[in-house]
Amino acid sequence: MTDLAYLGIVDAADLIRSRKLSPVEYVTALLDRTGRLDSRYHAFIGLTPDLALAAARQAEQDIAGGNWRGPLHGIPTGLKDIIDCAGVPTTAHSKVLAQNVATKDAAVTQRLKSAGAILMGKLATHEFAIGGPSFDLPWPPAVNPWGGNHFPGGSSSGCGVALAAGMLPAALGTDTGGSVRNPASMCGITGMKPTYGRVSRRGVFPLAYSLDHVGPMTRTVRDNALLLQALAGHDPDDPGSADVPVPQFAADLERGVKGLKLGLVRHFYAEDMQAHPEQAQAIDRAAELLRGLGAEVREIRLAPLQDYATCTRIIIRCEAFAIHRRWLAERPDDYGHLARQRILDGAAVSAADYIDAQRLRGRLTRRTLETFAGLDAALTASSLDPTCRIDDTDACARLYPRQARQPFNVTGQPAMAIPAGFTKDDLPLSLQLIGHPWQEAMLYRIARAYERATGWTERRPPDVSTC
Amino acid sequence: MATNDDILLQTAATVGLMRLNAAHLEQLKRALESARELGDKLPKDLHYSEEIAVTFRLSPAGGSKP
């Protein structure tokens with residue numbers, strides 16, 4: 001019998017199209033599984049079983065009638081709970097929005113529905129995508145299926161957990177300072193932050209307008225390319241959306257890396273911050289493996305990691321405070337401790353420093369792209385450490401800034417995190433790939449070559465794989 | 001003479017936050033310290049010619065949004 005829990009989009013689409021798998025059967029199986037597992041992992045803020053089953057029945061009828069819409073038709077998906085779906089609550093995992101019901105679909109929700117995807121529910125996040133893990137909110141934080149009781153990363157925590165636990169094959173997260181790639185890294189799945197402007201943010205609760213991205217999260221590289229295909233495209237109602245052509249993201253997936261020129265940003269994890277030895281070794285091994293597959297890999301130097309971090313922190317703080325200041329003024333107690341701290345942080349930054357941070361952003365972007373000239377892509381660490389116990393508040397706080405993701409929110413380049421092995425304690429390690437603007441397809445090509453050679457995306461958390 | 005708490009309350013009021021309790025004000029204090037540290041880390045040679053933040057663009061004729 002097919003393992004529906006860990007069926008990927010590609011395989012599920014083949015079965016659904018050939019009518020060997022009913023979308024109703026698929027949705028029912030994943031709802032049952034989620035019902036069994038989610039009291040422990042808290043991936044979902046809310047399931048939408050009635051909507052999901054109605055959409056599954058419709059998909060089944062459409063496909064039986066010869067109207068197959070494409071590889072997402074009948075595929076269960078989840079949305080980070082800052083992404084609107086009409087008629088469904090968008091809580092942002094916060095008491096502030098506990099009663100908020102979306103009246104319209106976000107642009108990405110519309111696109112998923114048009115492609116025939118089925119919404120299974122809304123997924124846990126850090127409060128307003130900024131503060132977590134928190135235990136003082138109306139819903140508990142999501143827990144990683146890897147490890148005993150571990151932090152899944154954030155802020156798209158529920159997305160990472162649902163994928164790793166086999167509750168969903170696809171989810172949408174958001175990434176302002178690394179929030180797609182962080183849970184992807186901690187949960188051993190695949191997460192893409194596309195180029196800034198590639199995917200519309202209309203209908204997504206903002207964290208920081210000038211750094212926010214929506215990104216696809218899946219278990220495999222090919223699935224991720226398929227999901228991005230459905231999401232990408234210009235939206236005149238998102239001021240940051242770019243009117244650029246959308247290529248076939250999976251077109252070169254199996255071309256391999258022979259002859260590609262890749263930069264290795266080693267100073268991020270070996271000098272600017274010292275990565276955990278097992279994480280550093282995983283990146284070095286990945287560079288060797290890609291060399292062995294025929295890529296030319298050479299070390300490159302970008303600005304120090306701390307410069308990008310300063311820039312990102314100032315911009316996020318100021319833009320988040322501008323978004324929240326009225327609620328914060330009226331009902332400060334409705335925020336959890338961590339989110340309130342991070343939003344208050346923006347109250348204290350001067351306008352001049354914010355503008356200087358934007359100037360720094362321009363400078364860092366220009367210099368980064370100059371260094372990328374002549375390269376096809378680059379690789380470095382995503383997280384600098386494996387995950388830690390979620391109830392160890394100090395360890396979680398230490399973990400959060402130890403990352404190399406923010407640079408590419410600053411520059412807007414596409415960047416993806418993929419599994420790169422496991423620690424001796426069986427916790428996921430990860431690799432980050434970074435491309436030129438609009439060249440997500442190149443990242444998928446490299447990621448697929450690495451995935452094919454290593455097989456890391458096949459590994460399942462032992463506690464849930466037999467459930 | 002103004003105490004530290006008075007100064008914090010005044011700072012909070014300046015940014016429109018009139019309902020912060022003692023614990024919230026302690027968080028604001030940390031925010032002020034952190035903002036100072038972050039600001040000190042910014043390069044000192046950033047020039048207005050590098051401006052990207054507040055670029056106002058008019059939409060083409062007939063467009064409805066700036």
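The values are calculated or read from the model by the stated rules, or taken from the named source; none is laboratory data. Remember, it's a predicted structure, so these values are computed and weren't measured experimentally. So basically every Cβ, Gly included, is an ideal-geometry build from the backbone, and we count neighbours across all protein chains shown. Keep in mind that these areas ignore ligands, DNA and RNA; they rest on the heavy atoms of the full protein, side chains included. Shrake-Rupley method; radii C 1.70, N 1.55, O 1.52, S 1.80 Å.
Scanning the stretch A:458-467 for residues that are in a helix (DSSP H, G or I) and either crowded, with 24+ Cβ neighbours inside 10 Å or hydrophobic (A, V, I, L, M, F, W, C) (or both) yields a single hit, A:Val464. Counting the residues of the stretch B:26-52 that are closer than 17 Å to A:Thr310 by Cβ, open to solvent by less than 70 Å² (accessible area, probe 1.4 Å) and in a loop (DSSP other than H, G, I, E, B) gives 3.
A:Asp81 passes every criterion in (1) open to solvent by 10 Å² or more (accessible area, probe 1.4 Å); (2) charged (D, E, K, R); (3) touching a residue at least 40 places away in the same chain (Cβ under 8 Å) apart from (1).
Among the residues of the stretch A:401-408, is there at least one that is closer than 24 Å to A:Tyr6 by Cβ and either open to solvent by less than 10 Å² (accessible area, probe 1.4 Å) or of a type in the set (A, V, I, L, M) (or both)? No, every residue in the stretch A:401-408 fails to be closer than 24 Å to A:Tyr6 by Cβ and either open to solvent by less than 10 Å² (accessible area, probe 1.4 Å) or of a type in the set (A, V, I, L, M) (or both).
A Cβ distance below 8 Å, combined with a sequence gap of six or more or placement on separate chains, defines the contacts here; from the stretch B:28-47, residues that are more than 8 Å from chain A (Cβ to nearest Cβ) reach residues that are open to solvent by 30 Å² or more (accessible area, probe 1.4 Å) in the pairs B:Lys29/B:Asn4.
Within the stretch A:402-414, being within 17 Å of A:Thr190 (Cα to Cα) and in contact with a Leu (Cβ under 7 Å, 6 or more places away or on another chain) holds for A:Gln403, A:Ala404, A:Pro414. What residue, among those in the stretch B:5-25 that are more than 7 Å from chain A (Cβ to nearest Cβ) and surrounded by 14 or more Cβ atoms within 10 Å (Cβ to Cβ), is farthest from A:Ala329 (Cα to Cα)? Only one residue tops the list, namely B:Leu8.
Of the listed requirements (1) in contact (Cβ under 8 Å) with a residue 24 or more places away in the chain; (2) within 24 Å of the chain's Cα centre (by Cα); (3) surrounded by fewer than 19 Cβ atoms within 10 Å (Cβ to Cβ); (4) within 14 Å of chain B (Cβ to nearest Cβ), A:Asp334 misses just one: (2).
Restricting attention to the stretch A:19-31, report how many residues are without any contact (Cβ under 8 Å) to a residue 60 or more places away in the chain and either open to solvent by 60 Å² or more (accessible area, probe 1.4 Å) or assigned to a helix (DSSP H, G or I) (or both).
Kept after step one, since they are without any contact (Cβ under 8 Å) to a residue 60 or more places away in the chain, are these residues of the stretch A:19-31: A:19-22, A:24-26, A:28-29.
Filter once more, keeping what is either open to solvent by 60 Å² or more (accessible area, probe 1.4 Å) or assigned to a helix (DSSP H, G or I) (or both): A:19-20, A:24-26, A:28-29.
Number of matching residues: 7.
Just one of (1) hydroxyl-bearing (Ser, Thr, Tyr); (2) open to solvent by 20 Å² or more (accessible area, probe 1.4 Å); (3) more than 10 Å from chain B (Cβ to nearest Cβ) fails for A:Tyr308. It is (2). Go through (1) more than 19 Å from A:Thr34 (Cβ to Cβ); (2) touching a helix residue (DSSP H, G or I) at 6+ places or on another chain (Cβ under 8 Å) one by one and return the number of the condition A:Ser185 breaks. Here A:Ser185 meets the rest and fails (2).
Could we say that A:Ala287 is farther than 14 Å from A:Ala378 by Cα, in contact (Cβ under 8 Å) with a residue 24 or more places away in the chain and more than 14 Å from chain B (Cβ to nearest Cβ) here? Judged against the criteria, A:Ala287 is not a match.
On the given criteria, is A:Gln413 surrounded by 22 or more Cβ atoms within 10 Å (Cβ to Cβ), out of contact with any His (no Cβ under 9 Å at 6 or more places or on another chain) and not aromatic (Phe, Trp, Tyr)? Full working, then the answer.
Working: surrounded by 22 or more Cβ atoms within 10 Å (Cβ to Cβ): yes; out of contact with any His (no Cβ under 9 Å at 6 or more places or on another chain): no; not aromatic (Phe, Trp, Tyr): yes.
It is false that A:Gln413 is surrounded by 22 or more Cβ atoms within 10 Å (Cβ to Cβ), out of contact with any His (no Cβ under 9 Å at 6 or more places or on another chain) and not aromatic (Phe, Trp, Tyr).
Residue check: is A:Gln341 within 8 Å of another protein chain (Cβ to nearest Cβ), under 21 Å from B:Gly16 (Cα atoms), surrounded by fewer than 22 Cβ atoms within 10 Å (Cβ to Cβ) and modelled with pLDDT of 95 or more? For A:Gln341, the condition - within 8 Å of another protein chain (Cβ to nearest Cβ), under 21 Å from B:Gly16 (Cα atoms), surrounded by fewer than 22 Cβ atoms within 10 Å (Cβ to Cβ) and modelled with pLDDT of 95 or more - is met.
For the stretch A:189-206, what are the residues that are in a loop (DSSP other than H, G, I, E, B) and open to solvent by 10 Å² or more (accessible area, probe 1.4 Å)? Write out each step before concluding.
To start, the set of residues in the stretch A:189-206 that are in a loop (DSSP other than H, G, I, E, B) comprises A:189, A:194-198, A:200-203, A:205-206.
Those that are in a loop (DSSP other than H, G, I, E, B) and open to solvent by 10 Å² or more (accessible area, probe 1.4 Å): A:Tyr196, A:Arg201, A:Arg202, A:Gly203, A:Phe205, A:Pro206.
Does A:Asp385 satisfy the criteria of being within 30 Å of A:Leu260 (Cα to Cα), more than 8 Å from chain B (Cβ to nearest Cβ) and not hydroxyl-bearing (Ser, Thr, Tyr)?
Taking the combined requirement at face value, the residue satisfies it.
Listed by first and then second residue, the pairs with beta-carbon distance under 6 Å, at least 6 apart or on different chains, first residue in the stretch A:437-450 and open to solvent by 20 Å² or more (accessible area, probe 1.4 Å), second among the polar types (S, T, N, Q), are A:Pro437/A:Thr195; A:Pro437/A:Gln413; A:Trp438/A:Thr195.
Quick grid of which residues meet (1) touching a strand residue (DSSP E or B) at 6+ places or on another chain (Cβ under 7 Å); (2) assigned to a loop (DSSP other than H, G, I, E, B):
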position	(1), (2)
A:Ala303	no, yes
A:Gln306	no, no
A:Leu328	no, no
A:Ala339	yes, no
A:Asp345	no, no
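Among the residues of the stretch A:130-170, those that are open to solvent by less than 10 Å² (accessible area, probe 1.4 Å), in contact (Cβ under 8 Å) with a residue 60 or more places away in the chain and of a type in the set (A, V, I, L, M) comprise A:Ala142, A:Val161, A:Ala162, A:Ala164, A:Ala165, A:Met167, A:Leu168, A:Ala170.
Taking the conditions (1) buried (at least 21 other Cβ atoms within 10 Å of the Cβ); (2) assigned to a helix (DSSP H, G or I) in turn, A:Val349 satisfies each one other than (2).
How many of the residues making up the stretch A:221-245 are surrounded by 24 or more Cβ atoms within 10 Å (Cβ to Cβ) and polar (S, T, N, Q)? Adding up the residues that qualify gives 1.
Which residue is nearest to A:Lys113 (Cα to Cα), if the candidates are limited to the stretch A:51-70 and must be of a type outside the set (A, V, I, L, M, F, W, C) and free of Cβ contacts under 8 Å to residues at least 12 places away in the same chain?
Within the stretch A:51-70, the subset of a type outside the set (A, V, I, L, M, F, W, C) is A:57-58, A:60-62, A:65-67, A:69-70.
Now drop any that are not free of Cβ contacts under 8 Å to residues at least 12 places away in the same chain, which leaves A:58, A:61, A:65-67.
Details: A:Gln58: 12, A:Gln61: 16, A:Gly65: 18, A:Gly66: 18, A:Asn67: 14 Å.
Only one residue tops the list, namely A:Gln58.
Here are some residues: A:Ala357, A:Ala322, A:Ala373. Which one is within 11 Å of chain B (Cβ to nearest Cβ), over 22 Å from the mean Cα position of the chain (by Cα), open to solvent by 20 Å² or more (accessible area, probe 1.4 Å) and free of Cβ contacts under 8 Å to residues at least 60 places away in the same chain? Give the steps one after another, and end with the answer.
Numbers: A:Ala357 fails: open to solvent by 20 Å² or more (accessible area, probe 1.4 Å); A:Ala373 fails: within 11 Å of chain B (Cβ to nearest Cβ).
After applying the criteria, what remains is A:Ala322.
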